[in-house]
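Okay, so here's the structure we're looking at.
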Amino acid sequence: MIGTVREYNHFIGGEWVPPGSGKFIERRNPATWQLVSRFADGTPEDAKRAITVARQAFDSGPWPRMSGMDRARILFRLADLIRNEKEQLAKMETEETGKPIKLSRGDMDGCIGLIEYAAGLAQQLHGECYSNLGERHTALVIREPVGVVGMIVPWNFPALIFCQKMPFALAAGCTVVAKPSEFTSSSTLEISRLALKAGVPAGVINIVTGYGAQVGQAIVDDPDVDFISFTGSTVTGKRVIASSADTLKKVSVELGGKSANIVFADADLDDAIDGTMLGVFFNNGETCCACSRLIIEDSIADKFIEKLVERTRQLKVGNPLNLDTDIGALIHEKHADKVKGFIKTGQEQGAKLLAGGLKSLPDECQTECFVLPTIFDHVKTEMSIFQEEIFGPVLSITRFKTINEAIRIANSTRYGLASAVWTKNIDKAMVVSREMKSGTVWVNTVIDGSAQLPFGGYKTSGFGREMGQAGFEEFTEVKTVNIHIGKREPFYNIDKN
Ligand code: TXE
């Protein structure tokens, strides 16, 4: 720390290693423009150094060879250390992301839960034994750690997304080279420091900060990395998949979304209004599974929308460090400009602006990174605000008359990360759940997640899963050990003399 500005080198082999470039990336708080952090501006050589360390730690270090119980004990200690530093971690997360402090605190609780759940998985990792292969065979199907995992993490949930990956990889016995976003690297570095303190051996978690084109790409291209776990944009995700073909490494990609939120007339409408707001405005709308498309039954639409607009206007936009702030600053000005551009396009394309938009902001919004919670009605499926991931607090509303129409509208984007349905009719809830082309379906709830529940996409929202048993297994490789008992019957009938 220099004054109030945090300055970090890379975290490699349990040590703070200066960048080969000698340069640092400055991060300013998007809500105030105050300089808050400096991160090492990594080079491909820095990435290689970290990969070599992670490779050695995997090939000959203690971590993959340790018992699951021992790995679990260390992960539980890490969870406790994060608990002790929760307030500091939450504050740095808010300073770098612009998200409301109450959400950063929730993110840290989420990290703790994910690590503790992964510790449980470390204890019970096991394979299968086939004893039904006849008298002369027994086979073991073993789950081994996949190897060195390259993790590419975005800026919207820096600590939480890192913890959707890292503890699961560690529980399986993998080693890690992670690249956090160049905007939000502090919490990843701090959690890795705490992991060393908890007893994770040096070299098991390595963090190289810097830009995607240099550090991220070097990790993806390196033959010593066995698996890439990527979360980010569809465009970069496609590049990562294409690049990984050269070294034929395993890839899991969690990309963007444009989730549908279907409200039927028989829903608990107060719940559905609150859920609609949470679904789209949570985390400033910078959420991959944001339910940014409200698809509402025509018969209740006018009344529902009237209340929705009235309540949305009461949301507090402002300083993210204030406890009562609902919507803080977006990640950076260029991103805020993109979100504002979508609002302009929505108006130009004929959608009806009901709330927010480009009106003037409260005084405490000191930078250009703030956007009011915005609602558009009468959005047609071909409009860009219906189709594109805006990644800001912008809701589009489309109406339906029949359940089939609702399903058709909900499925008519190229994304498939999540969807929500609000109804008191179990048959409708089940039909919609079955028909949604999305990795998660929420029924009478929204945004909820749990360490136990796998998360990931259909269609262009990606493939592979994080969290839950399915997410854990992504970090393992399956090996079959086929054992013959006693002398074999010869296959070739050859005279052996
Ligand atoms: O993403 P990028 P950006 C969406 C959202 C947002 C848009 C652009 O719509 O507006 O993406 O955001 C690293 N090889 N999501 O530009 O570029 C990069 O440094 C390897 C949805 O920030 O995908 C960062 O660490 N890595 C999403 C990470 O990839 C590379 C969350 C994500 O950045 C790389 C974030 C390369 N060639 C944005 N280039 C979600 N699914 O939650 C960049 N990176």
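Over the Cα atoms of segment 197-349, Rg to Rh with Kirkwood Rh, two decimal places?
Looking at segment 197-349, the ratio lands at 1.08.
Residues with amide H under 5 Å of ILE296's amide H, sequence separation 5 or more or different chain, H placed in the peptide plane at 1.01 Å from N; which?
Amide H neighbours of ILE296, under 5 Å, 5+ apart: VAL263, THR398, ARG399, PHE400.
Could you sort ARG313, ARG136, ARG55 by accessible area so the largest value comes first, with the probe set to 1.4 Å? All intermediate terms of the calculation are to be shown ahead of the outcome.
Values: ARG313 155, ARG136 120, ARG55 40 Å².
From most exposed to least exposed: ARG313, ARG136, ARG55.
If you average the C-alpha positions of segment 262-335 and of segment 165-221 separately, how far apart do those two centres end up, in angstrom?
33
Taking only protein heavy atoms and a 1.4 Å probe, what accessible area per residue, in Å², does the chain have with all protein chains in place?
42
How do TRP33, TRP442 rank by accessible surface area computed with a 1.4 Å probe, from largest to smallest?
Numbers: TRP33 95, TRP442 15 Å².
The residues order as TRP33, TRP442, largest area first.
So how do LEU133, LEU395 rank on accessible area, 1.4 Å probe, biggest first, that is with the largest at the start?
Per-residue accessible area, sorted high to low, gives LEU133, LEU395.
Ignoring ligands and nucleic acids, what accessible area does HIS335 show with a 1.4 Å probe (Å², nearest 10)?
Taking all protein chains as shown, HIS335 has close to 10 Å².
For helix 101-124, what angle does its Cα long axis make with the longest principal axis of the chain, in degrees from 0 to 90 and rounded to 10?
With rounding to tens, the tilt is 30 degrees.
Relative to the longest principal axis of the chain, what angle (0 to 90°, nearest 10) does the C-alpha long axis of helix 44-60 take?
Roughly 50 degrees between the two axes.
Which percent of the Cα-Cα distances in the chain go past 29 Å?
Taking all Cα-Cα pairs of the chain, the fraction more than 29 Å apart is 52 percent.
Specify, per residue and in Å³, the volume enclosed by the convex hull of the alpha carbon atoms belonging to segment 203-273.
Given the Cα convex hull of segment 203-273, per-residue volume reads 162 Å³.
Near the amide H of VAL421, under 5 Å away, which other amide H atoms are found, from residues 5 or more places off or on another chain, if H is placed in the peptide plane?
ILE262, TRP442, VAL443, ASN444, THR445
What is the extension gain from LYS401 to ASN497, computed as 0.36 nm multiplied by their sequence separation minus the C-alpha to C-alpha distance, in nm to one decimal?
Between LYS401 and ASN497, full extension yields an extra 26.1 nm.
Taking segment 421-497 as the region of interest, what is the percent of Cα-Cα pairs per 10 angstrom bin, listed from the shortest bin to the one with the maximum distance?
Reading the bins upward from 0: 14, 28, 20, 10, 11, 10, 5, 2, 0.
Working from Cα positions, state the angle (0 to 90°, nearest 10) between the long axis of helix 234-247 and the longest principal axis of the chain.
10
The values are calculated or read from the model by the stated rules, or taken from the named source; none is laboratory data. In this text, all values refer to a predicted model and were calculated from it rather than measured experimentally. Ligands, DNA and RNA are stripped out before the accessible areas are found, and what is left, the full protein with its side chains, is counted by its heavy atoms. Shrake-Rupley method; radii C 1.70, N 1.55, O 1.52, S 1.80 Å.
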